[in-house]
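Data block below; observations after.
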Amino acid sequence: MSERACASTLAALLLAGSAFAAETPNLGRPATPAELGRADISIAPDGGTLPPGSGSVAQGAEVYAQKCLACHGEAGAGGPMDRLTGGIGTLTTARPVKTVASYWPYATTVFDFIRRAMPPTAPQSLSDDEVYAVTAYLLSVDGIVPKTTVLDARTLREVRMPNRDGFVAAQP
């Protein structure tokens, strides 16, 4: 192929490519603020965005038995999935046990994780009341909250986890 033919072919390809690139597939639409709000369910450690609702330890024991026990075992002691309870004071030992009680520094982020990811077969299917209740139940198993506790947006922020001071904030 001559140099002139190559240049012509290249120009034609570039022109065709730019015409194709100018077209958009026109799929979807911008998300509405309401749709974005439903997707933005993050709960920060300070608990400032906790939703309305509440749940007691007793209610949490019922929800846990129905929706969590099969994976996490009796009282969160472990099953086919991770152990959730126990392990307080083991992080500095030769065999640390990382659980909700021993490792997590904020109860608000426990709520966030349960709400976002549990149960794994139907994430985000628990109501906010059920999440408050399961959080209360799990925290009661290790004595972090009394068995009479009812958690809500205010009381959950007040819970002090055993490993609260076990993390160092990143410096900018």
Search the stretch 63-80 for residues being farther than 21 Å from Lys147 by Cβ and either surrounded by 14 or more Cβ atoms within 10 Å (Cβ to Cβ) or of a type in the set (D, E, K, R) (or both), and hand back the single one that is modelled with the highest pLDDT. Cys71
Let me spell it out: the conditions are (1) basic (Lys, Arg); (2) closer than 13 Å to Val110 by Cα; (3) over 20 Å from the mean Cα position of the chain (by Cα), and Lys147 meets all of them except one. Which number is the exception? (2)
When Gly37 is run through (1) in contact with a strand residue (DSSP E or B) (Cβ under 9 Å, 6 or more places away or on another chain); (2) exposed (fewer than 13 other Cβ atoms within 10 Å of the Cβ); (3) more than 25 Å from Arg164 (Cα to Cα); (4) not hydrophobic (A, V, I, L, M, F, W, C), the failure sits at (1)
Thr135 surrounded by 18 or more Cβ atoms within 10 Å (Cβ to Cβ), among the polar types (S, T, N, Q) and within 14 Å of the chain's Cα centre (by Cα): yes
Among (1) in contact (Cβ under 8 Å) with a residue 60 or more places away in the chain; (2) touching a Cys at 6+ places or on another chain (Cβ under 7 Å), which single condition is Met81 missing? (1)
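The values are calculated or read from the model by the stated rules, or taken from the named source; none is laboratory data. Computed from a predicted structure; not experimentally measured. Quick reminder, even Gly has a Cβ in these numbers, built from the backbone with ideal geometry, and neighbours come from all protein chains shown.
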